[in-house]
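For reference, the structure discussed in these notes is given below.
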Amino acid sequence: MLPAMAKPTIAIVGPGRLGRALAQELRRAGYSISEIISRNTAASKRKARQLARKVGARASTSDGARLHTDLVWFGVPDREIASSSRQLASAVVWKKKTVFHSSGALASDELKALRQQGAAVASVHPLMTFASRSVPSLKGVPFAVEGDAAAVRMARRIVRDFGGEAFPIRKQHKSAYHAWGAFTSPLLVATLVTGEQMARAAGLSAVEARKKMLPIIRQTIANYEALGPAGAFSGPFVRGDAETVRKHLQVLRKVPQARDVYLALARAALRYLPATNRRKLKKALET
């Protein structure tokens with residue numbers, strides 16, 4: 001067992017976007033990364049070598065992994081978690097080891113092959129976006145944690161060292177939690193790119209639209225943080241301007257997919273946010 005205050009040594013399985021961010025943040029928080037484990041492909045091995053150099057670790061493949069660590073953290077895609085854990089199940093003695101995966105949608109049971117070998121397992125998911133050319137800080141980031149008690153305790157400690165916030169999530173709530181996460185980033189981007197299509201209908205290029213949208217996007221997020229959703233909400237629905245909404249829908253006929261998005265979000269606005277002349281606005285949306 002680890003001494004009460006000793007930091008666990010860690011191996012990262014998967015040198016992709018998430019694995020890269022985890023390894024770098026763990027190193028920043030004072031943890032020792034001993035091994036970066038990749039698939040046995042040229043591209044994956046190259047990523048593992050590059051990341052290993054950054055964090056002072058050894059690069060290896062799954063069939064040559066040493067796993068002489070206290071914690072093994074899987075950062076592989078959801079569909080690979082169970083198969084990767086089964087592949088490593090016979091590599092070492094797993095008793096007294098801790099294992100995490102970072103799927104937002106899947107529970108800790110994906111690691112049952114290692115749990116059956118004596119490991120304490122948990123799902124530890126950061127509510128953060130990991131884009132291909134961006135490595136975000138995990139300071140202030142919430143982590144949804146679920147699993148065996150010993151693994152959850154270790155996860156809470158590591159998240160605290162990141163400067164993040166760990167909170168419990170039930171297995172049966174993982175899909176709903178992950179769908180919520182989809183609204184916070186990928187579908188938000190989808191909304192913005194749909195807005196770009198309307199900017200093109202107004203005679204602007206997508207590049208011009210992105211540049212000109214950023215000030216209002218930033219202010220909206222700042223208002224949402226400071227004032228809450230009701231305080232941040234503005235525009236024709238707050239004013240009850242049904243005629244303007246009709247004009248929007250008229251021009252949106254030129255961009256049918258954008259019209260579908262507009263209608264869905266407008267109906268959500270009428271349900272969840274303050275609006276004037278709701279009856280007239282609903283009628284405008286129906287016609």
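The values are calculated or read from the model by the stated rules, or taken from the named source; none is laboratory data. The structure displayed is predicted, hence computed values, not measured ones. FYI the Cβ positions are ideal-geometry reconstructions off the backbone, even for glycines, and counts take in every protein chain you see.
May I ask you to verify whether L71 is within 21 Å of V152 (Cβ to Cβ) and assigned by TED's automatic domain parsing to the domain that holds V124? So L71 passes the test. Only residues that are over 17 Å from A190 (Cα atoms) and under 25 Å from the mean Cα position of the chain (by Cα) were counted across the stretch 234-272, and they come to 2. Restricting attention to the stretch 87-109 and to residues that are over 16 Å from A65 (Cα atoms) and of a type in the set (D, E, K, R), the residue that is surrounded by the fewest Cβ atoms within 10 Å (Cβ to Cβ) turns out to be K95. All conditions in (1) surrounded by fewer than 15 Cβ atoms within 10 Å (Cβ to Cβ); (2) within 34 Å of the chain's Cα centre (by Cα) hold for E286, with the sole exception of (2).
So, in the stretch 183-204, of the ones that are hydrophobic (A, V, I, L, M, F, W, C) and under 14 Å from K254 (Cα atoms), which residue ends up surrounded by the fewest Cβ atoms within 10 Å (Cβ to Cβ)? Explain how you work it out, then say what you get.
Let us first name the residues in the stretch 183-204 that are hydrophobic (A, V, I, L, M, F, W, C), namely 183, 187-190, 192-193, 198-199, 201-202, 204.
Then keep just the ones that are under 14 Å from K254 (Cα atoms); that gives 198-199, 201-202.
Working: M198: 19, A199: 17, A201: 12, A202: 8.
Step by step, filter the stretch 183-204, then rank; the result is A202.
Output yes when any residue across the stretch 107-119 is assigned to a loop (DSSP other than H, G, I, E, B) and touching a residue at least 60 places away in the same chain (Cβ under 8 Å), and no when none is. Checking the stretch 107-119: at least one residue is assigned to a loop (DSSP other than H, G, I, E, B) and touching a residue at least 60 places away in the same chain (Cβ under 8 Å). Residue check: R17 meets all listed conditions (1) among the charged types (D, E, K, R); (2) under 17 Å from T98 (Cβ atoms); (3) touching a residue at least 40 places away in the same chain (Cβ under 8 Å) but one, namely (2).
Residues in the stretch 248-271 that are farther than 20 Å from E196 by Cβ and surrounded by 12 or more Cβ atoms within 10 Å (Cβ to Cβ): R267, A269, L270.
Within the stretch 260-273, residues that are in contact (Cβ under 8 Å) with a residue 12 or more places away in the chain sit with their Cβ atoms under 7 Å from residues that are among the small types (G, A, S), at 6+ positions apart or across chains, in these pairs: A269/A275; L273/A230.
Applying the criterion of being in contact with a helix residue (DSSP H, G or I) (Cβ under 9 Å, 6 or more places away or on another chain) and loosely packed, with under 13 Cβ neighbours inside 10 Å to the residues of the stretch 220-229, the residue that is nearest to L273 (Cα to Cα) is P229. For the stretch 137-160, a residue qualifies if it is in contact with a Leu (Cβ under 9 Å, 6 or more places away or on another chain) and either farther than 19 Å from F74 by Cα or not in a helix (DSSP H, G or I) (or both), and the qualifying residues are L138, V141, P142, F143, A144, G147.
Listed residues S103, S62; which is modelled with pLDDT under 95 and touching a helix residue (DSSP H, G or I) at 6+ places or on another chain (Cβ under 6 Å)? Before the answer, list the steps.
Numbers: S103 fails: modelled with pLDDT under 95.
Selected residue: S62, the only one of S103, S62 that is modelled with pLDDT under 95 and touching a helix residue (DSSP H, G or I) at 6+ places or on another chain (Cβ under 6 Å).
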